[in-house]
Amino acid sequence: MTARVRVLLADDQPLVRSGLRVLIADHPDLEVVGEAADGTEAVRLARESRPDVVVMDIRMPGLDGIEATARIMADPGPTRVLVLTTFDEDEHVYGALRAGASGFAVKDMAVDDILAAIRVVAAGDALIAPGVTRRLIADFVERPAPAPRRPHRPVEGITEREREVLTLVGRGRTNSEIAEELFISVATTKSHVARLFTKLGARDRVHLVITAYEMGLVAPPG
């Protein structure tokens, strides 16, 4: 039997938490292991219960979702953060991305899409709501970070095929789409992506996308 994905819900709105909890209860591969009403509680519960995924709101009283994400990601362990946001919160999402969030779900997405986003993040992937995240990531790498940005890095230590795969990941392609475009199998594509994680020190697919932009392999939309 496949292990359940253990989910921690962090949102200051009780209705949002209860709604998600009820929906998750209908899916045997998911389970809610805790609920937090603010960032401080989210960090504490994440350390206690070690969930697979924290569904994290950004705007919460006291410690917000960005700082809570940073603290959770600073701890060792498998926990990943899926940010729950709205279309008018881009500025906050940039901060969450820098803090280590692995994916983004939009509050007005279909319920099935949010549940799918939880599963994808738990599985180690991260490109959620591509139309939203590609725009966010493209803007993110063009905006000044708190510390001086690195110049575009040369592509070192990766093969030409891995470079092609990284470029397509940066364009938001799925593994299946990459396999089709490069005329290789999905299994081979996954192997290339896994090697890119190791060689580039990327935590997840979102960070591969950022790396593709920083290396100049993909140009932000202009």
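The values are calculated or read from the model by the stated rules, or taken from the named source; none is laboratory data. Remember, it's a predicted structure, so these values are computed and weren't measured experimentally. Ideal geometry is used to build each Cβ from the backbone, glycine not excepted, and the neighbour counts take in all protein chains shown.
Are there helices (runs of 4 or more DSSP H) fully within the range 41-122 with at least 1 residues that are touching a strand residue (DSSP E or B) at 6+ places or on another chain (Cβ under 8 Å) and not assigned by TED's automatic domain parsing to the domain that holds PRO14? List them.
Working: elements: 65-74, 90-99, 111-122.
Those helices (runs of 4 or more DSSP H) do not exist here; none qualify.
Considering only the range 103-121, state which residues are closer than 16 Å to THR79 by Cβ and either buried (at least 23 other Cβ atoms within 10 Å of the Cβ) or over 13 Å from the mean Cα position of the chain (by Cα) (or both).
Looking only at the range 103-121, we keep the residues that are closer than 16 Å to THR79 by Cβ, and these are 103, 117-121.
GLY103, ALA117, ILE118, VAL121, listed by residue number.
Could you grab me the full set of residues in the range 173-190 that are within 22 Å of the chain's Cα centre (by Cα), of a type outside the set (S, T, N, Q) and not in a helix (DSSP H, G or I)?
Scanning the range 173-190 gives a single hit, ARG173.
Please go through (1) aliphatic (A, V, I, L, M); (2) at pLDDT 90 or above; (3) in contact with a helix residue (DSSP H, G or I) (Cβ under 7 Å, 6 or more places away or on another chain) for ILE184 and return the number of the only condition it doesn't satisfy.
Of everything listed in (1) aliphatic (A, V, I, L, M); (2) at pLDDT 90 or above; (3) in contact with a helix residue (DSSP H, G or I) (Cβ under 7 Å, 6 or more places away or on another chain), ILE184 misses just condition (3).
Could you check the range 191-222 and list, in sequence order, the residues that are over 20 Å from ARG80 (Cα atoms) and not in a helix (DSSP H, G or I)?
First pass over the range 191-222, keeping only residues over 20 Å from ARG80 (Cα atoms): 191-192, 195, 199, 212-222.
MET215, GLY216, LEU217, VAL218, ALA219, PRO220, PRO221, GLY222, listed by residue number.
Looking only at residues in the range 7-33 that are of a type outside the set (A, V, I, L, M, F, W, C) and crowded, with 19+ Cβ neighbours inside 10 Å, which one is nearest to the chain's Cα centre (by Cα)?
First pass over the range 7-33, keeping only residues of a type outside the set (A, V, I, L, M, F, W, C): 11-14, 17-19, 21, 26-29, 31.
Restricting the remaining residues to those that are crowded, with 19+ Cβ neighbours inside 10 Å gives 11, 17.
Working: ASP11: 18, ARG17: 20 Å.
Among those that are of a type outside the set (A, V, I, L, M, F, W, C) and crowded, with 19+ Cβ neighbours inside 10 Å, it is ASP11.
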